[in-house]
Amino acid sequence: AQSVAQPEDQVNVAEGNPLTVKCTYSVSGNPYLFWYVQYPNRGLQFLLKYITGDNLVKGSYGFEAEFNKSQTSFHLKKPSALVSDSALYFCAVRDIINFNKFYFGSGTKLNVKP
Amino acid sequence: EAGVAQSPRYKIIEKRQSVAFWCNPISGHATLYWYQQILGQGPKLLIQFQNNGVVDDSQLPKDRFSAERLKGVDSTLKIQPAKLEDSAVYLCASTPTGLSNEQFFGPGTRLTVL
């Protein structure tokens with residue numbers, strides 16, 4: 001079955017430090033992977049995606065993600081965190097075999113302290 | 001380009017009442033999704049439309065929830081009668097045709113059932 005796991009409910013980092021938000025997935029076929037961010041009282045906002053090609057994907061607001069096929073992971077990273085990055089982050093996988101459905105992780109709350 | 005529109009943004013009803021939510025996707029987007037997001041969880045797919053046809057409604061509680069997308073453009077999700085556990089944010093998303101495309105989300109409707 002298709003699934004996404006975000007093992008950390010919350011990640012705390014200091015402003016200026018690097019951050020990592022973890023994601024692992026399970027999917028039949030080639031993985032189509034996405035990261036979204038959600039600010040309070042807002043819908044989800046697309047950050048970046050991996051479809052094929054380079055394992056390091058760059059996205060919006062300085063975020064990047066590293067695809068690792070052997071570990072079935074797609075961790076979100078940023079070299080230097082900002083207080084404004086504090087939000088809820090969701091990893092998602094698209095099941096291209098079964099109706100092109102998207103499966104979301106449970107989310108990770110990122111807290112960036114000044 | 002205009003984003004995904006949803007209304008209302010907030011709704012408070014008593015249990016056993018009915019409620020309807022409206023979504024207008026981005027122009028030209030063939031696929032429309034309705035998600036339920038309970039506080040602290042990731043979005044859960046309720047129903048997925050391709051143009052005006054239902055692709056997947058396996059997670060839709062059909063005894064109380066219904067949805068339609070009559071002309072393949074905007075969509076309505078209805079709950080009748082509502083239960084306390086329906087309190088959640090209802091998100092609408094759309095994607096253009098193509099497997100590599102990400103979803104575009106509306107701001108959501110926050111439903112509180114008292």
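The values are calculated or read from the model by the stated rules, or taken from the named source; none is laboratory data. These figures come from a predicted structure and were not determined experimentally. Cβ coordinates were reconstructed from backbone atoms using ideal geometry, including for glycine residues, and neighbour counts include every protein chain displayed. With ligands, DNA and RNA removed, areas are computed over all heavy atoms of the protein, side chains included. Shrake-Rupley method; radii C 1.70, N 1.55, O 1.52, S 1.80 Å.
Side notes on the structure shown:
- Boolean, B:Ser100 is assigned to a loop (DSSP other than H, G, I, E, B) and either in contact with a strand residue (DSSP E or B) (Cβ under 9 Å, 6 or more places away or on another chain) or not charged (D, E, K, R) (or both): yes
- Among the residues of region B:74-114, those identified as small (Gly, Ala, Ser), within 8 Å of another protein chain (Cβ to nearest Cβ) and open to solvent by less than 30 Å² (accessible area, probe 1.4 Å) are B:Ala93, B:Gly106, B:Gly108.
- Residue in region A:27-38 that is in contact with a Leu (Cβ under 9 Å, 6 or more places away or on another chain) and either surrounded by fewer than 16 Cβ atoms within 10 Å (Cβ to Cβ) or without any contact (Cβ under 8 Å) to a residue 40 or more places away in the chain (or both) present: no
- Looking only at residues of region A:40-59 that are open to solvent by 60 Å² or more (accessible area, probe 1.4 Å), more than 9 Å from chain B (Cβ to nearest Cβ) and assigned to a loop (DSSP other than H, G, I, E, B), we find that the one that is modelled with the lowest pLDDT is A:Pro40.
- When residues in region A:11-40 are screened for being of a type in the set (S, T, N, Q) and under 20 Å from A:Tyr61 (Cβ atoms), 4 of them pass.
- The residue that is most open to solvent (accessible area, probe 1.4 Å), among those in region B:22-44 that are outside any strand (DSSP E or B) and more than 21 Å from A:Ala5 (Cβ to Cβ), is B:Ser27.
- Meets criteria (at the interface with chain A (Cβ under 10 Å from one of its Cβ atoms), of a type in the set (Gly, Ala, Ser) and without any contact (Cβ under 8 Å) to a residue 40 or more places away in the chain) for B:Gly40: yes
- Looking across region A:60-108, just one residue is of a type in the set (Ser, Thr, Tyr), within 10 Å of chain B (Cβ to nearest Cβ) and in contact with a Gly (Cβ under 6 Å, 6 or more places away or on another chain), and that is A:Ser106.
- Of all residues in region B:49-73, those satisfying the criterion of being acidic (Asp, Glu) and open to solvent by 30 Å² or more (accessible area, probe 1.4 Å) are B:Asp57, B:Asp63, B:Glu68.
- Close pairs from region B:55-75: first of a type in the set (Ser, Thr, Tyr), partner in a strand (DSSP E or B) and surrounded by 17 or more Cβ atoms within 10 Å (Cβ to Cβ), Cβ under 6 Å, at least 6 apart: B:Ser75/B:Cys23; B:Ser75/B:Leu32
- Single residue of region B:1-21 satisfying the filter (within 15 Å of B:Ser94 (Cα to Cα) and not in a strand (DSSP E or B)) that is modelled with the highest pLDDT: B:Val4
- In region B:45-65, residue farthest from the other protein chains (Cβ to nearest Cβ) [restricted to those that are more than 10 Å from the chain's Cα centre (by Cα) and in a strand (DSSP E or B)]: B:Phe65
- Residues located in region B:65-113, provided they are more than 30 Å from A:Lys49 (Cα to Cα) and at pLDDT below 95: B:Leu70, B:Lys71
Residue by residue, here is whether (1) over 14 Å from the mean Cα position of the chain (by Cα); (2) of a type in the set (Ser, Thr, Tyr) holds:
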| position | (1), (2) |
| --- | --- |
| B:Ile13 | yes, no |
| B:Trp22 | no, no |
| B:Pro25 | no, no |
| B:Tyr33 | no, yes |
| B:Leu39 | yes, no |
| B:Pro43 | no, no |
| B:Asp74 | no, no |
| B:Ile79 | no, no |
| B:Lys83 | yes, no |
